[in-house]
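Undergrad: Sharing a structure here in C-alpha cells format.
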Amino acid sequence: GAETRYLALAPGRYTFQASATNRDGFWSAPLTIPIRIRPPFWQTVPFWLLVIGTLGGVGYAAHRYRIAQIQRVERTRRRIADDLHDDIGSKISSVALRLDMAGRRSAIPKAERQRLGTLADTARSVVGDLRDTVWLVDAEHDDLGAVVSRMEQFASATLDSRGTVSAPEAVPATPLAMEPRRDLYLLFTEALHNAVRHSGASHIAVTITASGARVGFIISDDGCGFDPGARGHASGASGGRGLTTMRQRADALGGTLAWTPREGGGTVVSFRADLG
C-alpha cells in the first residue's frame, strides 16, 4: 500500500481523490474522500468570545472597584469635613465667646482684658481658617466653578470697602480634584493677604477670570510697591518662604505667576493656568 502525508494544512474543507491501476494498465474510477481539518481551539470563535468576555468582565470589575474606591474616599472626606465643622469648629467658637465674656468683666485689669480680646480674635481667626479647610476637604466642591465662587467671596469679605472684585457670573462645573483646588485657592488667598497686610495700599482691585479649564487672577494695589527679587523682601512673608510657597503652588498648577510694577505706584500680581 501507499502512504500519503500532507503537513501543515490550514484549517478548512478538502477533497482527497485517489485512483488505482492493475497490471494491464486499466485505471479504476477515482475514489473521492471529503476531509475536514478543524482549527485549533485558540482559533475558534467560541474561544475568542470567551477571551473577550473575560477581558470585558475584568475591565468592568476594575471600573466598579475604582468607582467604589472614589466613593469611599469621598465619603471619608465628607465625614472629616463634618467632624471638623461640627466638633472642632464649634468648640473653638465656644472658646472665643467665653474669652469675649471674660474680657468684659470690669474686675479684670485692662491689660488682661486686652490680652483676652487678642486671644478671642485669634480663636475667631482659627475658626475662619478651619472653615476654609472644611471647604477644601469637602468633595462636593470638586469643580472649578466652586473654587472661583469661593475666591470671589473671600476677596469681597477681605477687601470690604478697600477695593473692588470682578469675577465671572457663571463658570462651567469643570471637574477639579482637591489638590489643584487647594493650591489655586491658597495661592489666591496668600497673594491677596500680602496686598492687604503689607502693601499699605488704599485701594486694591481684584479680577478673577475663568473659561473652560482656564483660570487666572490679577491683584492690583496702589501701595508702596514690591520687588520679589530683592533679597530679604517677601511682602511681609517670613524671609523668601512666602513667595517660594506661592511659586511652588503655581508650578504645581502648571501656571505662571508674576509680580510687576503698577503704573502710578504699587504692584500687580497676576496668575494664569490651564487646568485641563
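The values are calculated or read from the model by the stated rules, or taken from the named source; none is laboratory data. Bear in mind the structure is a predicted one, so any value in this text is a computation, not a measurement. Quick reminder, even Gly has a Cβ in these numbers, built from the backbone with ideal geometry, and neighbours come from all protein chains shown. Note: areas computed on protein heavy atoms with side chains; ligands, DNA, RNA excluded. Shrake-Rupley method; radii C 1.70, N 1.55, O 1.52, S 1.80 Å.
Undergrad: Going residue by residue through segment 67-75, is there one that turns out to be in contact (Cβ under 8 Å) with a residue 40 or more places away in the chain and either of a type in the set (D, E, K, R) or surrounded by fewer than 10 Cβ atoms within 10 Å (Cβ to Cβ) (or both)?
TA: Yes, the conditions are met somewhere in segment 67-75.
Undergrad: Would a scan of segment 156-165 turn up a residue that is open to solvent by less than 30 Å² (accessible area, probe 1.4 Å) and in contact (Cβ under 8 Å) with a residue 40 or more places away in the chain?
TA: Yes, segment 156-165 has at least one match.
Undergrad: Out of 250, 237, 230, I need the residue that is open to solvent by less than 70 Å² (accessible area, probe 1.4 Å) and either at pLDDT 90 or above or outside any loop (DSSP other than H, G, I, E, B) (or both). Which one?
TA: 250
Undergrad: Follow-up question, since we're still on this one. Scan segment 253-276 for residues that are outside any loop (DSSP other than H, G, I, E, B) and small (Gly, Ala, Ser) and report the count.
TA: Total satisfying the criteria: 3.
Undergrad: A further question on this structure: Within segment 182-204, which residues are in contact with a helix residue (DSSP H, G or I) (Cβ under 9 Å, 6 or more places away or on another chain) and among the basic types (Lys, Arg)?
TA: 182
Undergrad: Okay, next question. Could you figure out which of (1) within 30 Å of residue 208 (Cβ to Cβ); (2) open to solvent by 40 Å² or more (accessible area, probe 1.4 Å) isn't true of residue 107?
TA: It is condition (1) that residue 107 fails.
Undergrad: State the number of residues belonging to segment 183-224 that are open to solvent by 30 Å² or more (accessible area, probe 1.4 Å) and charged (D, E, K, R).
TA: Summing the residues that are open to solvent by 30 Å² or more (accessible area, probe 1.4 Å) and charged (D, E, K, R) in segment 183-224 gives 4.
Undergrad: In addition: Only one residue in 216, 225 is farther than 27 Å from residue 131 by Cβ and either modelled with pLDDT of 75 or more or assigned to a strand (DSSP E or B) (or both), so which one is that? Write out each step before concluding.
TA: On the way: 216 fails: farther than 27 Å from residue 131 by Cβ.
Testing whether each residue is farther than 27 Å from residue 131 by Cβ and either modelled with pLDDT of 75 or more or assigned to a strand (DSSP E or B) (or both) leaves just 225.
Undergrad: Find the residue count for segment 257-271, including only residues that are at positive phi and either open to solvent by 60 Å² or more (accessible area, probe 1.4 Å) or in contact (Cβ under 8 Å) with a residue 60 or more places away in the chain (or both). Give the derivation first.
TA: First, the residues of segment 257-271 that are at positive phi: 264-266.
Those still in the list that are either open to solvent by 60 Å² or more (accessible area, probe 1.4 Å) or in contact (Cβ under 8 Å) with a residue 60 or more places away in the chain (or both) too: 264, 266.
Qualifying residue count, segment 257-271: 2.
Undergrad: Go through (1) on the phi > 0 side of the Ramachandran plot; (2) open to solvent by 100 Å² or more (accessible area, probe 1.4 Å) and name the single condition residue 38 misses.
TA: It fails just one condition, (1).
Undergrad: Looking at segment 120-131, can you tell me whether even one residue there is open to solvent by 60 Å² or more (accessible area, probe 1.4 Å), of a type in the set (S, T, N, Q) and farther than 16 Å from residue 206 by Cβ?
TA: Yes, that holds for at least one residue.
Undergrad: Search segment 1-25 for residues being open to solvent by 100 Å² or more (accessible area, probe 1.4 Å) and modelled with pLDDT of 85 or more, and hand back the single one that is nearest to the chain's Cα centre (by Cα).
TA: This residue is 13.
Undergrad: Report every pair of residues separated by at least 6 positions or lying on different chains whose Cβ atoms are under 7 Å apart, first residue within segment 168-182 and surrounded by 15 or more Cβ atoms within 10 Å (Cβ to Cβ), second of a type in the set (D, E, K, R) and in a loop (DSSP other than H, G, I, E, B).
TA: 176/142; 178/142; 181/142
Undergrad: Considering each residue of segment 109-126, count those that are under 31 Å from the mean Cα position of the chain (by Cα) and not polar (S, T, N, Q), and give that number.
TA: Total meeting the criteria: 3.
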